[in-house]
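Some notes on the structure that comes next.
The numbers here are math on the coordinates, done by the rules we state, and not lab data. As the structure is a computational prediction, the values presented were derived from the model and not from experiment. No Cβ is skipped: glycine too gets one built from the backbone with ideal geometry, and neighbour counts run over all protein chains shown.
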């Protein structure tokens, strides 16, 4: 029972960490705003900075739970295939957000149940410190494994990783945009996606390290009593 509980909580924590990291980077619009100058997006897109930001904000807002049901760029046309692709992307992002909300809720319930059971006289004998908080340790480790692998591969072979990711996740080639019909692609440089990938991985590592730190503190405090 203890092992099963720790496994469940570890997986829930890993899902929560990944969801928070992806959603956090998606929501951090200043990362893109600063990329406008770095990648010369005004030149490549033929748009002024304010127009670029307006269209980018519309795209990002669309990808959140509670966002617009349909995507409408303020000043840019879109093909049917392009809109289908963005709808598929939205499903991925909102799916991750939903998974994060559900995992957070379930984790909170399990933590509360653990604290409630901890009032019993035999609680510590049944659930010693190392096992009581082990889910913090292993959840962080689980969350790191895949992203760290992807980050390492992306750093070495970004172009291949980028293409492979799209071929695995999408069952069509709508992600291959034509700038004539979907000019939004001219304001989304490849290098920016690489930065997002690295930022997500870095945030996962930070949150995982924080979980491990909390695990150490809680275990040390409990063992001191």
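The table for this structure:
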read-out: Cα principal axis extents for the chain, largest first, Å; value: 70, 36, 32
read-out: Acute angle (nearest 10 degrees) that the helix 190-224 long axis makes with the longest principal axis of the chain, alpha-carbon atoms; value: 10
read-out: Nearest-ten-degree value, helix 49-62 long axis tilted from longest Cα axis of the chain; value: 50
read-out: Separation in nanometres of the label points that stand 7 Å from Cα toward Cβ, at residue 3 and residue 141; value: 1.5
read-out: Spacing of the two label points (7 Å from each Cα toward its C-beta) at residue 99 and residue 164, in nm; value: 1.9
read-out: Cα-based helix-to-principal-axis angle, 80-117 vs the chain, degrees rounded to 10; value: 10
read-out: Sites residue 38 and residue 156 - FRET efficiency at Förster radius 22 Å, r taken between beta-carbons, to 0.05; value: 0.50
read-out: Contact order relative to length of segment 2-224, as percent, for alpha carbon pairs under 8 angstrom and 6 or more apart; value: 37
read-out: Span from the segment 11-62 Cα centroid across to the segment 79-94 one, whole angstrom; value: 16
